[in-house]
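The values are calculated or read from the model by the stated rules, or taken from the named source; none is laboratory data. This is a predicted model, so every value here is computed, not measured. Virtual Cβ from ideal backbone geometry, glycine too; neighbours counted across all protein chains shown. Quick note on the areas: whole protein, heavy atoms, side chains included, nothing else; ligands and nucleic acids left out. Shrake-Rupley method; radii C 1.70, N 1.55, O 1.52, S 1.80 Å.
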Amino acid sequence: MRDEVIKAIQDVRPSLQADGGDIEFVDLSDSGQVTVRLTGACNGCPMAQMTLKQGVEQYLKEKVPGVVSVDSV
């Protein structure tokens, strides 16, 4: 599952990079919680939490069975 999560994160990176941000995979728990780090323009952006939950989390849940949430550090 870890490799699938990393691949799915790579799929969403160009969208974030187009706006000057980026995303890095940090960890995947046994319970399906994915931890990422938002960088660049995403770090501190007021819309980052919405992007994370409604964009990245939704995409990962669709692409990788077993993902239950995505949180940032």
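Here residue 8 meets the list (1) small (Gly, Ala, Ser); (2) surrounded by fewer than 19 Cβ atoms within 10 Å (Cβ to Cβ); (3) touching a helix residue (DSSP H, G or I) at 6+ places or on another chain (Cβ under 8 Å) almost entirely, failing just condition (2).
Against the condition in contact (Cβ under 8 Å) with a residue 60 or more places away in the chain and either touching a Lys or Arg at 6+ places or on another chain (Cβ under 7 Å) or not hydrophobic (A, V, I, L, M, F, W, C) (or both), how does residue 62 come out, does it pass?
Judged against the criteria, residue 62 is not a match.
Restricting the range 38-73 to residues that are in contact with a helix residue (DSSP H, G or I) (Cβ under 6 Å, 6 or more places away or on another chain) and assigned to a loop (DSSP other than H, G, I, E, B) leaves a set whose member that is nearest to residue 28 (Cα to Cα) is 67.
The residues listed here are 51, 39; of these, the one that is in contact with an Asp or Glu (Cβ under 7 Å, 6 or more places away or on another chain) and open to solvent by less than 80 Å² (accessible area, probe 1.4 Å) is 39.
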